[in-house]
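The values are calculated or read from the model by the stated rules, or taken from the named source; none is laboratory data. If you're wondering where the values come from, they're calculated on a predicted model, not measured in any experiment. Because the Cβ atoms are built from the backbone with ideal geometry, glycine has one as well, and the counts that use them run over all protein chains shown.
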Amino acid sequence: MEKHKTFGVSFHPDQRERANKRAKTLGLSFSRYVTLCVEAELGGSIPKLLGPNTSASPSSQPPPQGAGTSIDLEEAIERGGQYSEAKTLSIDFENDIEEILTTEELCYTRAEKVSHLRTDFVIQHIHPKTEQTLKIALECRYNIKNRYEVTLGQLIILQNLPVLDAVILVVPYLQNFDPTIKQTFQQQNIQITTPDNLLTTLNQTLNQLENKN
């Protein structure tokens, strides 16, 4: 049996993390992933990490008859893994926000359908004088830098729904937040806050709504 000598390879931490995630996504060990990449490059070809010699061999199966556009399964698996990871972080962030709301015994509903849209939370508050039910939509964004235009568009639509009285965007941090993006949200009367300031922002918004009505 032929023995292979082990060599140490130095990676930048970010590259090592990305490569390790890719290897796990493909069902490979890190060393096997690197070996396949090196072998392919020395052979003058692009690494075919989903070939029959790997555990993630579905790509070796021929596409269904009548299939139109071919699908890059390697890319599909990578993007699927990235999406799942981002979704998990988003749900964890929503859970953190719910803990804050629960601690203060606020009246709220989660994953509420408002008109034709879905919002993460709807806070309900009874006006002490008019007994009108005031509703504030809370949208949680773990990574606001990712497609912030979509978030802005959604919140503008929510802001203009007659069943809602206000909209608040909750993000993990405001440090290094793009001031231009922040200003754009504020121009649309959409407040941005963080978990540690959420209750203060909610109370301020409710006071403004009570005084307005």
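Give me the pairs: first residue in region 178-202 and assigned by TED's automatic domain parsing to the domain that holds residue 152, second residue of a type in the set (Phe, Trp, Tyr) and at pLDDT 90 or above, beta-carbon distance under 9 Å, and six or more apart or on different chains, which are they?
Hits for this filter: 195/93.
Of the residues 112, 104, 85, 98, which is under 15 Å from residue 172 (Cα atoms) and surrounded by 11 or more Cβ atoms within 10 Å (Cβ to Cβ)?
After applying the criteria, what remains is 98.
I'm trying to understand the selection: among the residues of region 115-132, which are more than 15 Å from residue 203 (Cα to Cα) and either basic (Lys, Arg) or at pLDDT 90 or above (or both)?
118, 119, 120, 121, 129
Taking residue 126, is it farther than 21 Å from residue 94 by Cα and of a type in the set (A, V, I, L, M, F, W, C)?
It is true that residue 126 is farther than 21 Å from residue 94 by Cα and of a type in the set (A, V, I, L, M, F, W, C).
Only residues that are within 10 Å of the chain's Cα centre (by Cα) and either at positive phi or surrounded by 18 or more Cβ atoms within 10 Å (Cβ to Cβ) (or both): list them for region 128-146, please.
140, 141, 142, 144
Is it true that some residue in region 48-63 is touching an Asp or Glu at 6+ places or on another chain (Cβ under 9 Å), modelled with pLDDT under 65, of a type in the set (D, E, K, R) and farther than 24 Å from residue 143 by Cβ?
Going residue by residue through region 48-63, those that are touching an Asp or Glu at 6+ places or on another chain (Cβ under 9 Å) are 48-50, 56, 59.
From what's left, modelled with pLDDT under 65: 48-50, 56, 59.
Restricting the remaining residues to those that are of a type in the set (D, E, K, R) gives 48.
Within this subset, residues satisfying the condition of being farther than 24 Å from residue 143 by Cβ are 48.
Within region 48-63, one or more residues are touching an Asp or Glu at 6+ places or on another chain (Cβ under 9 Å), modelled with pLDDT under 65, of a type in the set (D, E, K, R) and farther than 24 Å from residue 143 by Cβ.
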